[in-house]
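Asks: Structure provided below as structure tokens; questions to follow.
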Amino acid sequence: KIKLHILLLTAFLIFVNFSCKNHQTTTSTSTDEKQKPNIVVIELDDLGYGDLSCYGATEIETPNIDALAKGGLKFTNGYASSATCTPSRYALLTGIYPWRNKNAKILPGDAPLLIDTHQQTLPKLLSKAGYQTAIVGKWHLGLGSGSVDWNETIKPGPNEVGFDESYIFAATQDRVPTVYIENGNVVDLDKKDPLEVNYKKNFQGEPTALSNPELTSMKWHHGHNNSIVNGIPRIGYMKGGDAAKWSDIDIADTFLEKAQTYVKEHKDEPFFLYYAMNQPHVPRTPHPRFVGKSGMGPRGDVILEADWCVGEFLKTLKKEDLLENTLIIFSSDNGPVLNDGYFDDAVEKLGNHDPKGGLRGGKYSLFEAGTHVPFITYWKGHIKPNVSNAIVCQIDLLASLGNLVGIDDVTTDSENILGSLMGESNKGRDHLILEAKSKTALRSGDWIMIPPYKGSSMNKKVGIETGNSLEYKLFNLDKDIGQQHNLADENPKKLKEMIEIFASLKQ
Ligand code: NG6
Ligand code: CA
């Protein structure tokens with residue numbers, strides 16, 4: 001009887017062993033089929049379609065970003081979902097059109113987290129596929145769930161929507177609190193000097209740009225007249241937290257160093273890094289190494305600084321032998337603006353530079369320059385250098401990168417256009433809804449339709465056309481990239497078709 005037991009046990013063990021092996025083989029084949037390169041999304045802030053030499057700029061040289069474009073795929077129809085930051089980044093990370101969420105608007109620095117912690121996100125999806133995930137840089141999607149105590153661990157935030165690690169600033173460089181936050185904790189905070197933030201009223205006795213203009217070294221043009229930090233007047237009021245305040249001129253170096261360290265420390269397993277740089281958003285504070293280098297004032301100088309950062313970051317990937325195994329996606333969260341609230345010579349020293357690259361409008365605008373931005377994919381040895389005119393949008397990263405890593409159950413507004421991102425197809429999207437300040441327009445093929453909207457046609461403070469008018473506007477971008485000829489009257493059939501597609505997509 002014992003012998004029989006042993007025999008059965010041996011047979012069972014052999015069977016288990018065999019089936020395990022078999023199982024392993026199947027799993028490893030399916031992982032082999034799907035490549036899992038490291039993925040880096042480099043997102044700039046307010047960089048225009050015409051701000052890079054690889055996109056035709058002649059007054060400024062951006063050799064490092066140009067190298068990405070030259071060695072990868074340069075898109076001439078690449079889009080951010082929105083003409084401002086918060087909605088655009090919301091779409092990038094969730095794959096959901098920002099106009100579906102009424103709170104997806106430019107957020108103050110103390111706004112609650114905009115993304116639902118149960119929601120599908122790009123970092124969550126990649127985690128599911130075995131990736132390590134991190135964000136370094138600008139967040140601007142809200143933190144906490146109401147009133148945040150900046151002196152305790154702040155959550156929910158990036159770590160609760162899928163990032164294993166985060167080193168961020170809460171909103172923008174011009175909004176308080178002007179501190180870094182690492183995994184929910186304000187960096188270098190001295191608990192004896194608690195940090196307080198308020199967007200409604202000032203803290204008693206604290207100087208502002210209105211009460212103490214003599215304390216400002218940068219002058220505000222519109223907005224930006226609340227608390228002063230490092231001589232720069234900001235949006236919102238802040239008190240305490242002195243030791244934690246960032247040095248504005250060192251932000252680029254700080255984020256770069258964090259991004260490089262992350263790569264070095266996580267190179268053995270696939271990683272996803274969202275490197276959210278803040279140039280050339282206001283206040284433009286180039287490190288002294290870059291001051292005066294562009295001849296265009298601080299806006300040009302910080303573009304050179306950003307280009308240098310990209311170059312240094314690429315050097316790290318190369319040194320760590322990761323270039324052939326890393327997919328890099330480079331883009332910008334919305335289009336360009338010159339005067340965004342500070343006197344910083346952006347207008348005066350522009351010279352012949354055209355940040356819009358021939359497009360109409362700019363940041364905040366429903367015209368092309370609001371959302372039509374530089375967009376480059378680079379993966380050495382995998383993406384063939386080329387130029388693509390496929391319509392691609394940051395909202396599609398969720399479904400496309402999901403497809404790359406073998407997860408295809410994405411059911412959002414995100415479309416799987418991986419073939420186009422890899423340069424294997426020129427199809428891209430058929431239709432795309434663009435958003436600016438909660439107003440929407442349709443791109444479909446070469447056509448753009450902007451419905452009638454009330455409101456001023458010009459955002460006078462920033463000097464940018466909004467896209468508002470009481471008539472339908474219809475443009476053919478193939479013939480009229482500058483949107484000068486409204487074809488709505490001339491081509492009622494096309495207009496009708498566009499209105500119908502728009503209505504069906506907006507449901
Ligand atoms: C606006 C700010 C602008 C900029 C923008 C956000 C004023 C007058 N203007 O409200 O300076 O901070 O918000 O930019 O305060 S974004 O790129 O993050 O969307
Ligand atoms: Ca922006």
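Asks: Might you let me know whether the range 303-326 holds any residue that is out of contact with any helix residue (DSSP H, G or I) (no Cβ under 6 Å at 6 or more places or on another chain), of a type in the set (Asp, Glu) and within 16 Å of ligand 2 (Cβ to nearest atom)?
Replies: There is no residue in the range 303-326 that is out of contact with any helix residue (DSSP H, G or I) (no Cβ under 6 Å at 6 or more places or on another chain), of a type in the set (Asp, Glu) and within 16 Å of ligand 2 (Cβ to nearest atom).
Asks: For the structure I just gave you, tell me whether Tyr274 is within 16 Å of ligand 1 (Cβ to nearest atom), out of contact with any Cys (no Cβ under 6 Å at 6 or more places or on another chain) and under 24 Å from Trp139 (Cβ atoms).
Replies: So Tyr274 passes the test.
Asks: Answer yes or no: is there a residue in the range 278-294 that is among the small types (Gly, Ala, Ser) and free of Cβ contacts under 8 Å to residues at least 24 places away in the same chain. Break it down stepwise before answering.
Replies: First, the residues of the range 278-294 that are among the small types (Gly, Ala, Ser): 292, 294.
From the residues that got through so far, the ones that are free of Cβ contacts under 8 Å to residues at least 24 places away in the same chain too are 292.
Within the range 278-294 (the criterion being among the small types (Gly, Ala, Ser) and free of Cβ contacts under 8 Å to residues at least 24 places away in the same chain), the answer is yes, since at least one residue qualifies.
Asks: Report, by residue number, each residue of the range 336-367 that is of a type outside the set (Lys, Arg) and touching a strand residue (DSSP E or B) at 6+ places or on another chain (Cβ under 7 Å). Write out each step before concluding.
Replies: Of the residues in the range 336-367, the ones of a type outside the set (Lys, Arg) are 336-348, 350-355, 357-359, 361-362, 364-367.
Result: Val337, Gly341, Tyr342, Phe343, Leu359, Gly361, Gly362, Tyr364, Ser365, Leu366, Phe367.
Asks: Could you list, in sequence order, all residues of the range 219-238 that are touching a Gly at 6+ places or on another chain (Cβ under 8 Å) and either within 16 Å of ligand 2 (Cβ to nearest atom) or over 14 Å from Val179 (Cβ atoms) (or both)? Steps first, please.
Replies: Within the range 219-238, the first condition is being touching a Gly at 6+ places or on another chain (Cβ under 8 Å), and the residues that meet it are 220-224, 226-227, 235-236.
Trp220, His221, His222, Gly223, His224, Asn226, Ile235 - these are the residues of the range 219-238 that are touching a Gly at 6+ places or on another chain (Cβ under 8 Å) and either within 16 Å of ligand 2 (Cβ to nearest atom) or over 14 Å from Val179 (Cβ atoms) (or both).
Asks: Here is a check on your reading of the model: is Gly419 within 24 Å of the chain's Cα centre (by Cα), at pLDDT 95 or above, not in a loop (DSSP other than H, G, I, E, B) and not hydrophobic (A, V, I, L, M, F, W, C)?
Replies: yes
Asks: Residues of the range 82-92 being assigned to a helix (DSSP H, G or I) and either of a type in the set (S, T, N, Q) or modelled with pLDDT under 95 (or both), which ones?
Replies: If the condition is that a residue be assigned to a helix (DSSP H, G or I) and either of a type in the set (S, T, N, Q) or modelled with pLDDT under 95 (or both), then Thr86, Ser88 are the ones that fit.
Asks: Can you tell me which residue is surrounded by the fewest Cβ atoms within 10 Å (Cβ to Cβ) among those in the range 291-346 that are over 30 Å from Asn38 (Cβ atoms) and of a type in the set (A, V, I, L, M)?
Replies: Looking at the filtered set, the residue picked out is Val291.
Asks: While we're looking at this one, here's another question. Just the residues that are surrounded by fewer than 24 Cβ atoms within 10 Å (Cβ to Cβ) and either over 28 Å from Asp242 (Cβ atoms) or within 16 Å of ligand 1 (Cβ to nearest atom) (or both), please, taken from the range 143-161.
Replies: Glu160, the sole residue that qualifies.
Asks: Quick one: in the range 88-100, of everything that is of a type outside the set (Ser, Thr, Tyr) and more than 19 Å from Glu160 (Cα to Cα), which residue is farthest from ligand 1 (Cβ to nearest atom)?
Replies: Within the range 88-100, the match that is farthest from ligand 1 (Cβ to nearest atom) is Arg100.
Asks: While we're looking at this one, here's another question. For the range 93-106, does any single residue satisfy the condition of being surrounded by 24 or more Cβ atoms within 10 Å (Cβ to Cβ), assigned to a helix (DSSP H, G or I), within 16 Å of ligand 2 (Cβ to nearest atom) and of a type outside the set (A, V, I, L, M)?
Replies: Within the range 93-106, one or more residues are surrounded by 24 or more Cβ atoms within 10 Å (Cβ to Cβ), assigned to a helix (DSSP H, G or I), within 16 Å of ligand 2 (Cβ to nearest atom) and of a type outside the set (A, V, I, L, M).
The values are calculated or read from the model by the stated rules, or taken from the named source; none is laboratory data. Every value quoted in this text rests on a predicted model; they were computed, and no experiment measured them. Glycine also receives a Cβ, built like all others from the backbone with ideal geometry; neighbour counts cover every protein chain displayed.
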